[in-house]
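*Asks:* Sharing a structure with you now.
The values are calculated or read from the model by the stated rules, or taken from the named source; none is laboratory data. Given the structure is predicted, the values throughout are model-derived calculations rather than measurements. Because the Cβ atoms are built from the backbone with ideal geometry, glycine has one as well, and the counts that use them run over all protein chains shown.
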Amino acid sequence: MRIFLLLACCAFTISAAYWAYHENYRTQAALKRINRLQTEIAEEREAISVLNAEWAYLNRPERLRDLVDLNFGDLLLVPLSSDHFGETENVAFPRQREITVMETIDVQGVLEEVKK
């Protein structure tokens, strides 16, 4: 009986060691994946900030004004002024449909006619 108990303890110790070893490597792999993802997130955030800076650089008003002047013959673009905007009173909004209340139906009378 003592040998069986000793073998069972050895088997349990070996299986627990294998489980701990396996979990250790799974944890290390997960930590490496987390570090890789955090690096990718940082790179993407940096790329976004660079793109935002490029967008701001390309949308400078003086640059756009020069492009409009350069391509005026092809595009026929003119600068915006307050004359290009209208009043809200001049906008033709669709009419609201009027909902009319129909005559009330005599439910009791209809039920009596259906029964006949």
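*Asks:* If the requirement is being out of contact with any Leu (no Cβ under 7 Å at 6 or more places or on another chain), acidic (Asp, Glu) and at pLDDT below 95, which of these qualifies: 43, 103, 54? Step through it out loud before you land on a result.
*Replies:* Working: 43 fails: at pLDDT below 95; 54 fails: at pLDDT below 95.
One residue alone meets the criteria, 103.
*Asks:* Would you check which residues across segment 68-101 are within 34 Å of the chain's Cα centre (by Cα) and either touching a residue at least 12 places away in the same chain (Cβ under 8 Å) or surrounded by 10 or more Cβ atoms within 10 Å (Cβ to Cβ) (or both) and list them?
*Replies:* Listed by number, the list is empty, since nothing qualifies.
*Asks:* Please go through segment 46-65 and pick out each residue that is surrounded by fewer than 10 Cβ atoms within 10 Å (Cβ to Cβ) and either of a type in the set (A, V, I, L, M, F, W, C) or over 21 Å from residue 76 (Cα atoms) (or both). It would help to see each step written out before you state the result.
*Replies:* Initially, segment 46-65 is screened for residues surrounded by fewer than 10 Cβ atoms within 10 Å (Cβ to Cβ), giving 55-57, 59, 61-62.
Selection gives 55, 56, 57.
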